[in-house]
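Trainee: Supplied in structure tokens, the structure appears directly below.
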Amino acid sequence: MKILLASSEVYPFSKTGGLADMVGSLGVALVNAGQEARIVTPLYRGLRDKFPRMTRVNWKFDLPMGERHVQADLWELDLDSGLKIYFVDQPDYFDRAGIYQEGQFSYADNAERFIFFSKCVVNLARYLAWRPDIVHLHDWQVGLVPALIQHQRDSAGWGKPPPTCLTIHNLAYQGTFPAAVYALTNLPKLFFHTEGAEYFGMLNCLKAGIAFADVITTVSPRYAREITTEELGCGLDGVLRRRRAHLVGILNGVDYQEWNPAKDPHLPAPFSLSKLAGKKKNKAALQTFVALPVAENIPLYGTISRLAEQKGVDIQLAALAEMLNADIQFILLGSGSAEYELGYRELARRFPGKIAVQFGYNESLAHQIEAGCDFFLMPSRFEPCGLNQMYSLRYGTIPIVRATGGLDDSVIDYGEQTDKANGIKFYEYTSRALAKAIRKSLAIYHQPELIRQYRRNAMRADFSWGKTVDEYLEAYRTVMQ
Ligand code: ADP
């Protein structure tokens, strides 16, 4: 099957969150499963220098954007895995310091940038000699592609376009813009209605995708159910309920090439289920690195997160303020809201020697935290899939999660299956419930045989892409021919 994936971020070329990880590894996994997958993404600043094997394709985009025409070039890179990546080269839109924003400010022309990118995706799907059997879109940035394809089928002589699959990675980000922006799509008014791209008088790119894609997936079974409810539907629960028959939840896989404690180049000491001694060394090295007292028997908790409301920062700050009175250590790696950063800085001042905070994005430190901690905290308000809890499991770091979305689907609590328990879940979104879960973890930590059993169960949990890929192929097949 020929599959064209389109995403505004793809690891290892660009990344702001789980979307990049997922698209990068889904592409490789599809190729490993014997499929022909290619990915199209924007050419952001610095990529040509970083990947000098990239070559220019003999291709010119010249596409209408409202009254104007905008041109772009195309580059390609063949990865060792056999995956081909196309890069849309439009320097005015993409040669910038950030992907979506600089500092705290989103680019004012994000609608224009990603409408243009969406048009490039359609152009490739239509005119590449390599004709995709399906176009798989990711998130709002390419949400308009199904409508654009449908329009070309109905009015511009595209005989038999490929079907489309839209994956929602996070319903909270919808790409909503003033109605005037709709002119840039060059679509007729008939797509701009309450069952289509229109949302309370605005253009909503994700809603357009939900309305017009042939099949919709999201990144965990539980999140697929949650987004059809008023509570977690972010205003789109109505349209999602209408399309429920075409909506499936597929838990993301993990790239165990990147996240393998036995062969992780970021770690001072490799370890595995049969050689757990290395984990202790990672803990000591991490404590040294972040200037916490090196103590083998003090439980070390970690969090790696965007500092956003979704991630439960408010209840985490309050629960830590209570729990740091106990003999524990905590390390945070995060970036995002200045207000939340301040919250952590204050906590660090109150509990010197017990908490370390690192702001910014640091891939290597993220691996070291997964390896060196005993427990990983993820108290999300909602969580479509979440990757860090799955990385934690593989690194024998017991996840403490709120039972929502993919966190609920990937972690097993003692209350669910005693002998398979690999993490701790709490249900209420309150700091009290989180503090209680941390107390439980202390009880587990101080029973060496029990924590060993949790670790064993955790490290055996398998979220490899093999299984996941079959579920995507199944979803594609439901809409082909
Ligand atoms: P989301 O996509 O909502 O941010 P996920 O858990 O799905 O959450 O994915 C987050 C990804 O981003 C993980 O790979 C995580 O390790 C990484 N990440 C988040 N914040 C940081 C940071 N400050 N430094 C390094 N990696 C980070």
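Trainee: What number of residues within region 336-348 satisfy the criterion of being touching a strand residue (DSSP E or B) at 6+ places or on another chain (Cβ under 7 Å) and within 15 Å of the ligand (Cβ to nearest atom)?
Mentor: 5
Trainee: Name every residue in region 125-160 that is under 23 Å from Pro42 (Cβ atoms), assigned to a loop (DSSP other than H, G, I, E, B) and touching a Pro at 6+ places or on another chain (Cβ under 9 Å), in order of residue number.
Mentor: Once the filter is applied, which keeps residues that are under 23 Å from Pro42 (Cβ atoms), assigned to a loop (DSSP other than H, G, I, E, B) and touching a Pro at 6+ places or on another chain (Cβ under 9 Å), region 125-160 yields Arg131, Pro132.
To keep it simple, each residue is scored yes or no on (1) in the same structural domain as Tyr445 (by TED's automatic domain parsing); (2) within 16 Å of the ligand (Cβ to nearest atom); (3) surrounded by 21 or more Cβ atoms within 10 Å (Cβ to Cβ).
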{"position": "Lys283", "(1), (2), (3)": "yes, no, yes"}
{"position": "Leu286", "(1), (2), (3)": "yes, yes, yes"}
{"position": "Ala295", "(1), (2), (3)": "yes, no, no"}
{"position": "Gly302", "(1), (2), (3)": "yes, yes, yes"}
{"position": "Arg306", "(1), (2), (3)": "yes, yes, no"}
{"position": "Gly312", "(1), (2), (3)": "yes, yes, yes"}
{"position": "Ala319", "(1), (2), (3)": "yes, no, yes"}
{"position": "Glu322", "(1), (2), (3)": "yes, no, no"}
{"position": "Gly334", "(1), (2), (3)": "yes, yes, yes"}
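Trainee: Quick one: which residue in Thr194, Thr217, Thr228 is among the β-branched types (Val, Ile, Thr), part of a loop (DSSP other than H, G, I, E, B) and in contact with a helix residue (DSSP H, G or I) (Cβ under 8 Å, 6 or more places away or on another chain)?
Mentor: Thr228
Trainee: Name the pairs whose Cβ atoms lie under 6 Å apart, with the first residue in region 436-457 and in a helix (DSSP H, G or I), the second aromatic (Phe, Trp, Tyr), and 6 or more positions between them or separate chains?
Mentor: Close Cβ pairs satisfying both conditions: Ala437/Phe426; Ser441/Phe375; Ile451/Tyr445.
Trainee: Right, here's the next one. Restricting to region 354-389, name every residue that is within 8 Å of the ligand (Cβ to nearest atom) and among the aromatic types (Phe, Trp, Tyr).
Mentor: Phe359, Tyr361
Trainee: Now, a different point. If I filter region 383-400 for residues that are over 17 Å from the mean Cα position of the chain (by Cα), under 24 Å from Gln257 (Cβ atoms) and among the aromatic types (Phe, Trp, Tyr), do I get at least one hit?
Mentor: Yes; the residues of region 383-400 include at least one that is over 17 Å from the mean Cα position of the chain (by Cα), under 24 Å from Gln257 (Cβ atoms) and among the aromatic types (Phe, Trp, Tyr).
Trainee: Which residues, counting only those in region 231-245, are acidic (Asp, Glu) and not in a helix (DSSP H, G or I)?
Mentor: Glu231
Trainee: List pairs: first in region 250-265 and assigned by TED's automatic domain parsing to the domain that holds Val28, second part of a loop (DSSP other than H, G, I, E, B) and surrounded by fewer than 17 Cβ atoms within 10 Å (Cβ to Cβ), Cβ under 8 Å, 6+ apart or cross-chain?
Mentor: As it stands, the answer is none, since no pair meets every condition given.
Trainee: Sticking with this structure for a sec: So which residues in region 337-356 are surrounded by fewer than 18 Cβ atoms within 10 Å (Cβ to Cβ), in contact with a Leu (Cβ under 6 Å, 6 or more places away or on another chain) and modelled with pLDDT of 95 or more?
Mentor: Phe351
Trainee: How many of the residues in region 306-321 are of a type in the set (Lys, Arg) and assigned to a helix (DSSP H, G or I)?
Mentor: Of the residues in region 306-321, 1 are of a type in the set (Lys, Arg) and assigned to a helix (DSSP H, G or I).
The values are calculated or read from the model by the stated rules, or taken from the named source; none is laboratory data. Remember, predicted model here, so these are calculated numbers, not experimental data. With ideal geometry, Cβ positions are generated from the backbone for all residues, glycine too; neighbour counts draw on all protein chains shown.
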